[in-house]
Every structure is written in C-alpha cells, then in structure tokens.
Amino acid sequence: MSDLKGVGIGAGYFSQYHYEAWDRIDNVKIEAICDLDKDKAECVAEEWDIPNVYEDAREMLEKEKPDFVDIITPPSNHFELIKLAADLDSAIICQKPLAPTYEEALSIVEYTRKREVRFMVHENWRFQPWYRKIKAMVDLGEIGDQLHFLNFRMRTGDGWTADAYMDRQPYFRNMPRLLIYETGIHFIDTYRYLAGEVSSVYARLKKFNKEIKGEDAGIVHLNFTSGAMGLYDGNRYNESRYEDDRYTFGEFTVEGSGGTMRLDGDGNLSIQKLGKSIQRVDYNHEKRGFAGDSVFYTQQHFLNGLMKNEPFETNGSNYLRSLKVQEAIYKSAEKNSVIRM
C-alpha cells in the first residue's frame with residue numbers, strides 16, 4: 001500500500017508531538033511544513049526530516065497537493081486554514097480548541113460537510129491508553145451494568161506564577177476563556193466517550209491568578225442520560241503531588257453497580273469489585289510522546305480512518321456535542337444555575 005502524503009501547518013510548542021508521532025506511523029510521510037516563522041519551521045523540518053518548508057499555507061497546499069493536512073495552530077485561524085484545505089480537497093485533522101466560538105465551530109463543520117472532505121478534531125484525550133482500557137472494561141461489565149459516578153481531580157501547577165504559561169503557550173494568558181475552553185473540553189469529550197451523552201450541567205468557575213484573563217479553576221457537575229453522574233474538579237494553579245503532573249493530569253475514579261476503578265497520576269490502574277480486594281489492572285502504557293503516547297494513537301486512528309474509509313470517533317458532528325456541553329458549562333457558571341441540554 002502506498003504511503004499517504006501529509007503536510008503540517010504550525011511549528012509551535014505542541015507541534016513537536018505531532019511530527020514525532022507521524023515519524024513513527026507506517027504508511028504516511030509528512031512532506032512539508034508551513035509556519036509564519038520560517039526559521040522555526042526550518043528547525044522543526046530539520047529535526048523530523050521534512051523536506052519542504054513554506055511560509056504561505058496556500059502555496060504549500062497548491063504545490064504539494066497532499067492527501068491530508070495537519071493543522072497545529074491557535075484556534076483564531078483554524079476556519080481560514082480549514083476552508084483553504086477543504087477547497088483544495090485535502091482531508092483535515094485539526095487541533096483543539098476548534099474555534100473561538102461555538103458558532104464558528106459549527107460553521108467549520110458545516111463547511112467541511114458541504115465540501116465533502118474528511119475532517120477530524122485532534123482530540124487526543126480519549127485515546128490515552130488508560131481511558132481505552134477503562135472503556136473496554138466498562139463495556140465488559142467489569143464494574144457492573146450501570147455506571148454510577150465519574151470523578152476526576154486535576155492539578156497541573158503551571159499557572160500560579162506572575163509569568164504563567166509564558167515558556168510553553170503564552171497565548172493562554174490572554175484567552176478570555178481558559179480552563180474549560182482549553183483543558184476541560186478534553187474531559188467533556190472523555191466523559192462522553194465513557195458515559196454517553198450529557199443531560200445537564202452545573203458549574204462554578206474561578207480565576208486564581210490575577211495576571212491572566214480567563215478562569216483557571218472550576219468544579220463541574222455533569223448528569224448523563226444513562227443515569228450516571230460526573231464531577232470534574234480542575235485547577236491549573238495549585239500543584240500535583242506527582243512528579244510528572246502532565247502524564248495522566250490527575251486522578252480518576254469510576255464507580256459502577258459492581259465496583260470501582262481507579263487511575264492515579266502515574267498511570268496505575270486498579271479495580272475493586274464489590275466485596276473483593278483491590279486488584280492491579282495490567283495494560284500497556286508508556287511515558288513516550290504526550291500523555292501515554294496519545295498523540296500517536298490519535299493520529300493512527302485518523303490515518304486508519306482515511307485508508308479504510310471508516311468514521312472518525314472525533315469527527316465534526318460528534319465534537320459539536322462536546323462543544324455544546326462546554327457552552328452549557330459557561331452559561332451555568334454565569335447564571336449560577338443548572339443548565340439542561
């Protein structure tokens with residue numbers, strides 16, 4: 001089978017995980033990279049043996065004629081780049097946040113649908129190996145036939161200093177929405193993956209670091225149509241007790257009618273069936289790439305979908321459901337009330 005030809009737009013901090021993962025995936029070759037900062041793009045291209053470098057995305061797409069484009073830029077220019085790629089019949093995988101507003105995200109999804117191009121949001125959280133294992137065990141009924149409660153506690157500790165986020169993603173400082181829009185959306189999608197669709201939300205959001213614009217802490221309560229409940233307790237200000245606070249990003253508990261599963265910050269997973277002792281769950285995970293190599297697994301899923309003409313888990317229409325929950329969370333926090341979906 002011949003390799004698919006890809007190109008990348010973006011050479012910022014997180015792009016390193018994308019290009020490193022593409023370098024390890026069979027049947028694909030990244031032939032070009034584009035960034036407004038050509039020097040930065042050339043450094044990335046040299047590191048990952050990418051032969052061609054551009055400053056202009058249209059020029060790159062017209063000359064290279066790729067099978068797909070990987071968009072790894074801030075959300076403000078996603079729609080422009082997606083329209084450009086769709087008009088030139090390239091399949092698209094695009095980083096999140098998808099767009100500055102829900103309305104623009106909806107326009108993106110409708111545009112790709114109208115142009116009949118394959119489109120996937122690079123939502124890598126659900127592809128982290130612990131969530132794939134938890135999902136498989138839940139589906140097998142290992143903790144009963146009814147989910148009761150999902151509870152995630154996140155502390156990243158990267159947002160407490162006066163110059164918070166400057167060394168990695170400085171644009172975080174000026175986002176009017178931060179915790180839920182940039183980080184919490186991962187958990188919304190993952191909770192939907194594990195427990196199904198959300199029926200209502202209640203949220204309280206706060207800003208602890210006065211030097212940034214958006215919220216950096218919050219507690220979100222979710223109800224699901226399945227009858228399960230969920231709690232997301234997120235905070236980018238205070239620190240984790242784990243040496244690598246960005247491996248699992250925190251601690252997760254999943255309770256069901258037949259027992260409990262627990263994930264710690266080192267990726268250790270255990271199960272405690274009702275009336276039984278705690279047992280360690282053996283599964284494969286490794287500290288490679290980003291958060292259990294989830295970028296690799298996400299991009300492998302995208303490539304498999306392209307090559308086999310299979311649907312993407314995080315396609316546009318599916319991802320809009322997560323964004324509707326995101327909008328409900330902000331509305332709940334604003335009104336201090338339960339918002340029904």
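Below are the figures for this structure:
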{"item": "Single residue of the range 1-34 satisfying the filter (surrounded by fewer than 20 Cβ atoms within 10 Å (Cβ to Cβ) and either within 17 Å of ARG288 (Cβ to Cβ) or among the β-branched types (Val, Ile, Thr) (or both)) that is nearest to the chain's Cα centre (by Cα)", "result": "PHE14"}
{"item": "Tally of residues being within 25 Å of the chain's Cα centre (by Cα), outside any loop (DSSP other than H, G, I, E, B) and not small (Gly, Ala, Ser) across the range 35-58", "result": "3"}
{"item": "Given (1) under 16 Å from LYS331 (Cβ atoms); (2) at pLDDT below 95, index of the condition ARG204 fails", "result": "(2)"}
{"item": "Subset of the range 137-185 (residues that are of a type outside the set (A, V, I, L, M, F, W, C), crowded, with 20+ Cβ neighbours inside 10 Å, in contact with a strand residue (DSSP E or B) (Cβ under 6 Å, 6 or more places away or on another chain) and more than 14 Å from ALA217 (Cβ to Cβ))", "result": "none"}
{"item": "Matching option when the condition is surrounded by 19 or more Cβ atoms within 10 Å (Cβ to Cβ) and under 20 Å from the mean Cα position of the chain (by Cα), among ILE188, ILE219", "result": "ILE188"}
{"item": "In the range 199-213, the residues that are β-branched (Val, Ile, Thr) and assigned to a loop (DSSP other than H, G, I, E, B)", "result": "ILE212"}
{"item": "Residue count, the range 306-317 (criterion: in contact with a Phe, Trp or Tyr (Cβ under 8 Å, 6 or more places away or on another chain) and either closer than 16 Å to TYR102 by Cα or in a loop (DSSP other than H, G, I, E, B) (or both))", "result": "4"}
{"item": "Which numbered condition SER199 fails, given (1) modelled with pLDDT of 95 or more; (2) among the hydroxyl-bearing types (Ser, Thr, Tyr); (3) buried (at least 20 other Cβ atoms within 10 Å of the Cβ)", "result": "(3)"}
{"item": "So THR225, is it touching an Asp or Glu at 6+ places or on another chain (Cβ under 8 Å), under 22 Å from VAL138 (Cα atoms) and crowded, with 18+ Cβ neighbours inside 10 Å", "result": "no"}
{"item": "Inter-residue pairs, beta-carbon under 6 Å, first outside any helix (DSSP H, G or I) and in the range 120-148, second of a type in the set (D, E, K, R) and crowded, with 18+ Cβ neighbours inside 10 Å, 6+ apart", "result": "VAL121/LYS96; GLU123/LYS96; GLU123/ASP189; HIS148/GLU255"}
{"item": "Residue list for the range 329-341, filter: buried (at least 17 other Cβ atoms within 10 Å of the Cβ), touching a Lys or Arg at 6+ places or on another chain (Cβ under 8 Å) and either among the small types (Gly, Ala, Ser) or more than 15 Å from ILE180 (Cβ to Cβ) (or both)", "result": "ALA333"}
{"item": "Pairs with Cβ under 6 Å, 6+ apart, first in the range 250-272 and at positive phi, second surrounded by fewer than 19 Cβ atoms within 10 Å (Cβ to Cβ)", "result": "GLY250/ARG153; GLY259/GLN272; GLY259/LYS273; GLY259/LEU274"}
{"item": "Residue among VAL28, VAL7 that alone is touching a Pro at 6+ places or on another chain (Cβ under 6 Å), in contact (Cβ under 8 Å) with a residue 40 or more places away in the chain and either of a type outside the set (Gly, Ala, Ser) or more than 18 Å from PHE119 (Cα to Cα) (or both)", "result": "VAL7"}
{"item": "Options GLY196, GLY214, GLY218; residue that is touching a Leu at 6+ places or on another chain (Cβ under 6 Å), free of Cβ contacts under 8 Å to residues at least 60 places away in the same chain and small (Gly, Ala, Ser)", "result": "GLY214"}
{"item": "Matching residues in the range 251-276 - criterion: being buried (at least 18 other Cβ atoms within 10 Å of the Cβ) and either modelled with pLDDT under 95 or over 23 Å from GLU197 (Cα atoms) (or both)", "result": "GLY265, GLY267, LEU269, ILE271"}
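Every residue, every condition in (1) part of a strand (DSSP E or B); (2) among the small types (Gly, Ala, Ser), yes or no:
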{"position": "GLU215", "(1), (2)": "no, no"}
{"position": "LEU222", "(1), (2)": "yes, no"}
{"position": "SER226", "(1), (2)": "no, yes"}
{"position": "TYR247", "(1), (2)": "no, no"}
{"position": "SER277", "(1), (2)": "no, yes"}
{"position": "ALA291", "(1), (2)": "no, yes"}
{"position": "VAL295", "(1), (2)": "no, no"}
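The values are calculated or read from the model by the stated rules, or taken from the named source; none is laboratory data. In this text, all values refer to a predicted model and were calculated from it rather than measured experimentally. No Cβ is skipped: glycine too gets one built from the backbone with ideal geometry, and neighbour counts run over all protein chains shown.
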